[in-house]
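Engineer: Mind having a look at this structure? Questions to follow.
The values are calculated or read from the model by the stated rules, or taken from the named source; none is laboratory data. These figures come from a predicted structure and were not determined experimentally. Virtual Cβ from ideal backbone geometry, glycine too; neighbours counted across all protein chains shown. To get the accessible areas, we keep the full protein, side chains included, count just its heavy atoms, and leave off ligands, DNA and RNA. Shrake-Rupley method; radii C 1.70, N 1.55, O 1.52, S 1.80 Å.
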Amino acid sequence: MDFKVQAMTDLFPILFKAVGMTLKLSFSSALAALVLAVAIALIRHFKIKFLYGITGIYISFFRGTPLLVQLFLLYYGLPQVFPVFINITAFGAAVLGLSLHFSAYMAETIRGALASVDKGQTEAGLSVGMTNLQVMKRIVIPQAIRVAVPSLVNTSIDMLKSSSLAFTLGLAEIMAKTQLEAASSYRFLESYLTVSIFYWVMVAVLERVQRYLEKRLGRAYEQRSRDVKSRGIIQRFWRDKGIKGYKLPA
Amino acid sequence: MSIIGPSGSGKSTFLRCLNYLEEPTRGRVTIGDTVVDTSSVHRKEVVKFRRKSSMIFQSYNLFKNKTALENIAEALIVVRKIDGKQAVERAGKIMKKIGLEGKEDSYPTQLSGGQQQRVGIGRAMALETDVILFDEPTSALDPELVGEVLELIKSLAEEGRSMIIVTHEMKFAREVSDRVVFMEDGIILAEGTPEEILVSPKNKRIEAFLGKIS
């Protein structure tokens, strides 16, 4: 078998140097996408006229066409017709493409999360004299965030991996470097395996972040203390009845 | 004051109009010296008017992302603009009053229905509004938890607070109310003292209603 571990270890330092670009690209895009998504979600949640229709088309388009096509449209297509785009850098185009594309998904996630908050919460807020804005800020949005987090992290993971498509715009991120190395060394398996490890490790970090966020945001919803107590009571009940080995479903 | 009547008769809707959670189609609503004319009301006026009353919901509707204490202190800080420390102090006193000392840091999901509703009442009490509105405060509770909530409402009545209660607890209505209103099909059929309405009703419809539920 012709598998050279050294091909992998040789690639490591090269990718280490390029991983900054991947991170910068993903992070900027995720941030921009999130901001965009919140704005779109609020427009759709409150059904703000005129903008509601536009955001509908926006979401439909950016979810309905491949990211790669969108990147090519932005970087290679638009400059031909609109001079403003001539000076767009590969990085700028990649961030723009990624954030436009994924903001469409995130917007739908956030809209769903906002809708998931019980109407009674809003009513309670209004009944104590809060304004609509205060209710949103202090009651509805904090509760919606908790619902949205798993799905938002999911989309962010997808985004991080999709940043690899930026190599098609000539951006020197880890996928581009891998391509280059693989083409010159003919060590395809080793090279793509190495870059896989890089992505996997970064995603693993995001998974940790997700777990942390879920735990933090879920504090208000833990039933631990009450649960444990009532379990004891029920178990004692069965024991007193002489039924042994009864186990509560987890 | 208690509002009774068969379900679907508009009791809750009427109560929600007083708090402007439901927009009345026409008419005027007066609480204390504040009048709102539904035909010419501005959004800002609505917010101001709402602050004249507070509401207790059938399904408690405590802020799920806030602790019991925060639920009570929230509006004091955000709406009444009371300094945080003072608000917490006041909320602490109310926690004691509703008999939930030691549960300050519990979140709504960690409290029983009765405890949650007591916090709901505490949240309304803290605002010291002209009138407190109760929308079937015990209807969602397990039977054994109804007592503690009614007890608390009763103690508020004894303090002389103005309250309007939509309820199906006839015995309770008789004990605590000065006036009882009977509603059916969106209109007030009768109004009077608890004796007049609940003990010796002159109206046949009320008689039939009371007969059915007792």
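Engineer: Below 8 Å, C-alpha to C-alpha, sequence gap of six or more: please give me the relative contact order for chain A in percent. Display every interim value, and only then the final one.
Structural biologist: Working: 214 pairs, mean separation 65.7, N = 250.
So the answer I get is 26 percent.
Engineer: Same structure again: Give the span of chain B's Cα atoms along each principal axis, as three whole-Å numbers ordered largest to smallest.
Structural biologist: 55, 46, 27
Engineer: Anything over 20 Å Cα to Cα? Flag those among B:171/B:212; A:215/B:66; A:24/A:215; B:64/B:97, in the order listed.
Structural biologist: Beyond 20 Å between Cα atoms: A:24/A:215; B:64/B:97.
Engineer: Amide H neighbours of residue B:131 under 5 Å, at least 5 residues apart or on other chains, H built in the peptide plane: list them.
Structural biologist: B:54
Engineer: Sticking with this one: If you roll a 1.4 Å probe over the heavy atoms of the protein chains, what accessible area per residue do you get for chain B, in Å²?
Structural biologist: The answer is 49 Å² per residue.
Engineer: Note the angle between two axes, namely the Cα long axis of helix A:5-45 and the longest principal axis of the Cα atoms of chain A, as a number of degrees from 0 to 90, rounded to the nearest 10.
Structural biologist: 60 degrees
Engineer: Grab the DSSP H runs of the protein assembly as shown that are 4 residues or longer, score each as -39,500 (n - 2.57), total them, divide by all residues and round the 222 nm result to the nearest 500 deg cm²/dmol.
Structural biologist: Theoretical 222 nm ellipticity from helices: -19000 deg cm²/dmol.
Engineer: Please name which of A:121, B:113, A:95 has its Cα lying farthest along the dipole of the protein assembly as shown towards the positive end, using unit charges on Cβ (Lys, Arg +1; Asp, Glu -1) and the Cα centre as origin.
Structural biologist: Going by the Cα projections, it comes out as A:95.
Engineer: Now for a separate question. Calculate one ³J(HN,Hα) per residue across the range B:34-48 by plugging θ = phi - 60° into the Karplus curve 6.51 cos²θ - 1.76 cosθ + 1.60, and present them in order as whole Hz with x for glycine and proline.
Structural biologist: So the Karplus estimates, Gly and Pro as x, are 9, 10, 10, 9, 5, 6, 10, 8, 9, 4, 5, 5, 4, 4, 5 Hz.
Engineer: Which of these, B:83, B:33, B:135, has the largest mean-square fluctuation under a Gaussian network model of chain B (Cα springs below 10 Å)?
Structural biologist: Top of the fluctuation ranking is B:33.
Engineer: Taking only protein heavy atoms into account and a 1.4 Å probe, give the accessible area per residue of the range A:75-125 in Å².
Structural biologist: Roughly 45 Å² per residue, with all protein chains present.
Engineer: For chain B, set up a GNM with springs between Cα atoms under 10 Å and report which of B:114, B:122, B:32 has the largest fluctuation.
Structural biologist: Largest GNM mean-square fluctuation: B:32.
Engineer: Could you list which residues have their amide H under 5 Å from that of residue B:3, counting only those 5 or more apart in sequence or on another chain, with H placed in the peptide plane?
Structural biologist: Under 5 Å from the amide H of residue B:3 lie the amide H atoms of B:165, B:166, B:167, B:181, each far enough along the sequence or on another chain.
Engineer: From other protein chains only, count the Cβ atoms within 10 Å of every residue's Cβ in A:129-136, then give the mean.
Structural biologist: Across A:129-136, the average partner-chain Cβ count within 10 Å equals 5.
Engineer: Right, another one. Name the residues of the range A:111-127 whose accessible area, probed at 1.4 Å, falls by at least 50 Å² once all protein chains are in place instead of their chain on its own?
Structural biologist: Output list: A:121, A:123, A:124, A:126, A:127.
Engineer: With a 1.4 Å probe, how much accessible area is buried between chains A and B, both sides summed, in Å² to the nearest hundred?
Structural biologist: Roughly 2300 Å² of accessible surface disappears when A and B pair.
Engineer: Ok, one more. Does any residue of the range B:6-50 lose at least 20 Å² of accessible area with all protein chains in place compared with its chain alone, and if so which ones (probe 1.4 Å)?
Structural biologist: B:16, B:21, B:47, B:50
Engineer: If you average the sequence gap of Cα pairs under 8 Å that are 6 or more apart and divide by the length of the range B:1-117, what percent do you get for the contact order?
Structural biologist: Once normalised by length, the contact order is 19 percent.
Engineer: Below 16 Å, Cα to Cα, which aspartates and glutamates can residue A:137 reach? Residues fewer than 8 away in the same chain don't count.
Structural biologist: A:118, A:123, B:70, B:74
Engineer: Using Cα pairs closer than 8 Å and at least 6 residues apart in sequence, work out the relative contact order for chain B, in percent.
Structural biologist: 28 percent
Engineer: Can you give the translational diffusion coefficient of the range B:101-185 in µm²/s, computed by Stokes-Einstein from the Kirkwood radius over Cα pairs at 20 °C and 1.002 mPa s?
Structural biologist: On the way: Rh = 13.8 Å.
In µm²/s, the coefficient rounds to 155.
Engineer: OK, next. Treating each Cα of the range B:1-56 as an identical point scatterer and ignoring solvent, apply the Debye formula and state log10 I(q)/I(0) at q = 0.14, 0.17, 0.18 Å⁻¹.
Structural biologist: Values returned for q = 0.14, 0.17, 0.18 Å⁻¹ are -0.38, -0.55, -0.61.
Engineer: Stokes-Einstein D for the range A:5-217 at 4 °C, 1.567 mPa s, Kirkwood Rh over Cα pairs, in µm²/s?
Structural biologist: 68 µm²/s
Engineer: List the residues of the range B:75-107 for which accessible area in the full set of protein chains is at least 50 Å² lower than for the chain on its own; 1.4 Å probe, protein heavy atoms only.
Structural biologist: B:78
Engineer: Here is a follow-up. Helix B:204-213: angle to the longest alpha-carbon principal axis of chain B, degrees 0 to 90, nearest 10?
Structural biologist: The helix B:204-213 is inclined about 50 degrees to chain B.
Engineer: Still on this structure, please answer the following. Evaluate the Kirkwood expression for the hydrodynamic radius of the protein assembly as shown, namely the inverse of the mean inverse distance over all pairs of different C-alpha atoms, and round to one decimal in Å.
Structural biologist: Evaluated on the protein assembly as shown, it is 26.9 Å.
Engineer: For the pair residue B:89 and residue A:9, what calculated FRET efficiency results from E = 1/(1 + (r/R0)^6), where r is the Cβ-Cβ distance and R0 = 60 Å, to the nearest 0.05?
Structural biologist: E(calc), rounded to 0.05, equals 0.40.
Engineer: Go ahead and set up a Gaussian network model of chain A, Cα springs under 10 Å, then flag whichever of A:176, A:124, A:204 fluctuates most.
Structural biologist: Greatest mean-square fluctuation among the candidates belongs to A:124.
Engineer: Next question, about the same structure. Can you give the Kirkwood hydrodynamic radius of the range A:1-71 from its Cα pairs, in Å with one decimal? Provide the component values of the computation, followed by the final result.
Structural biologist: Numbers: mean 1/r = 0.0637 Å⁻¹.
Over the range A:1-71, the inverse of the mean reciprocal pair distance is 15.7 Å.
Engineer: Share of chain A's accessible area from carbon and sulfur, percent, 1.4 Å?
Structural biologist: The computed percentage sits at 65.
Engineer: On a 1.4 Å probe surface of the protein chains, which of B:138, A:122 comes out largest in accessible area, and what is the full order?
Structural biologist: A:122, B:138
Engineer: Let me ask something else about it. Might you work out the accessible area of residue A:147 for me, using a 1.4 Å probe with all protein chains in place, and round it to the nearest 10 Å²?
Structural biologist: About 70 Å², rounded to the nearest 10.
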